[in-house]
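The next block holds one structure in the form of structure tokens; read it before the comments.
Bear in mind that the values in this text are calculations on the coordinates, not laboratory data. Keep in mind that what you see is a predicted model, and the values were worked out from it rather than measured. All Cβ positions, glycine included, derive from the backbone under ideal geometry; neighbour counts span all protein chains shown.
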Amino acid sequence: MTRNKDVPVYNFTDGYDLNSTFDIGECLDNLIFFIEKGYFLTWEAVVRDEQNLPLSEKQEDALEDLLKFSDDESQILYIDEIPRPAEPWYETVRKIVPKLLIEPFKTFEIYDEIYHEGWVDIADCIEKYAYDLSLPEGLSSPIEVIQPDIRHKLWLQYSFDILSGLGQEDELTLENEEQRSWRIEDFIDSLREFRESVGFFNLTLNDLLKLVILPPKDEKILIDSLLHELGMKSSSDKLADRL
């Protein structure tokens, strides 16, 4: 957002350590709240009005709702005691979302909930609420503000969550028929759902198992199961071709 240097601004990442799991979660929750409640939309309307730029219908509605509760004709500096964002919404998204990525994802490690649910939460928020927000030139969809390789890795990580827990306890293993039956089936279904992401990286089964790490005994069972279920001749076959 273009602004006068004397105008107060709110920087989402100030006060947060984005190398801290707790802070990543807090910052992401704050970002989702701002998008859902329309703060970015309203501030974009305010700034465009200040610059005498045309407003979309949604921006006009947001500005009208804001002005209903104000008799002061001076420059708007705060909404609900919060100053305008220091940068466009998508720049903040680009700073926070990559912090949700775990490389490699190890099924036998215990990760904070934010790494399991954070990507889906922000992706759903963007799909529902960000279509009326500004986009960088050349983009047609708000989800595209996230770098493609990050976006596709996070969808794959979402699939890996189905395998999460393998190796954490004795009974959590694909040697257990009950565990094997639902995990393999659900994992294949998820890979099919995100086939675009599998294809984006031209993944083979060998490549996939560099991104998600299982205990050796479970890795062998997963390989054999996927080869059988997907009719693959080799673990070096392109996985997307079989989904």
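For the reader, a short list of remarks on this structure follows.
- Residues within region 147-167 that are closer than 15 Å to GLU196 by Cβ and of a type in the set (A, V, I, L, M, F, W, C), tallied: 4
- All told, SER235 meets the bar of being closer than 27 Å to PRO148 by Cα and assigned to a loop (DSSP other than H, G, I, E, B).
- Boolean, ILE162 is over 27 Å from GLU109 (Cβ atoms), assigned to a helix (DSSP H, G or I) and among the β-branched types (Val, Ile, Thr): no
- Residues (part of a helix (DSSP H, G or I) and farther than 15 Å from VAL97 by Cβ) located in region 128-155: LYS128, TYR129
- Failed criterion for TYR16 (all others in (1) touching a residue at least 24 places away in the same chain (Cβ under 8 Å); (2) crowded, with 16+ Cβ neighbours inside 10 Å hold): (1)
- Test for GLN147: is it without any contact (Cβ under 8 Å) to a residue 40 or more places away in the chain and of a type outside the set (Asp, Glu): no
- Taking region 129-143 as the range and being in contact (Cβ under 8 Å) with a residue 60 or more places away in the chain and within 23 Å of SER159 (Cα to Cα) as the test, no residue passes.
- Members of region 101-118 that are over 21 Å from LEU214 (Cβ atoms) and surrounded by 16 or more Cβ atoms within 10 Å (Cβ to Cβ): ILE114, GLY118
- The set of residues in region 177-207 that are of a type in the set (A, V, I, L, M, F, W, C) and part of a helix (DSSP H, G or I) comprises TRP182, ILE184, PHE187, ILE188, LEU191, VAL198, PHE200, LEU205.
- Filtering region 66-112 to residues that are acidic (Asp, Glu) and free of Cβ contacts under 8 Å to residues at least 60 places away in the same chain leaves ASP71, ASP72, GLU73, ASP80, GLU81, GLU91, GLU109.
- Test for ILE76: is it surrounded by 16 or more Cβ atoms within 10 Å (Cβ to Cβ), in a loop (DSSP other than H, G, I, E, B) and over 28 Å from the mean Cα position of the chain (by Cα): yes
- Only one of the listed residues (SER225, SER236, SER141) is among the small types (Gly, Ala, Ser), surrounded by fewer than 17 Cβ atoms within 10 Å (Cβ to Cβ) and over 24 Å from the mean Cα position of the chain (by Cα). That residue is SER236.
- Considered as a group, the residues in region 19-60 that are among the hydroxyl-bearing types (Ser, Thr, Tyr) and not in a helix (DSSP H, G or I) include one that is surrounded by the most Cβ atoms within 10 Å (Cβ to Cβ), and that residue is SER56.
- When residues of region 165-176 are limited to those that are assigned to a loop (DSSP other than H, G, I, E, B) and charged (D, E, K, R), the one surrounded by the most Cβ atoms within 10 Å (Cβ to Cβ): GLU175
- Boolean, ASP124 is under 19 Å from GLU196 (Cβ atoms) and of a type in the set (D, E, K, R): yes
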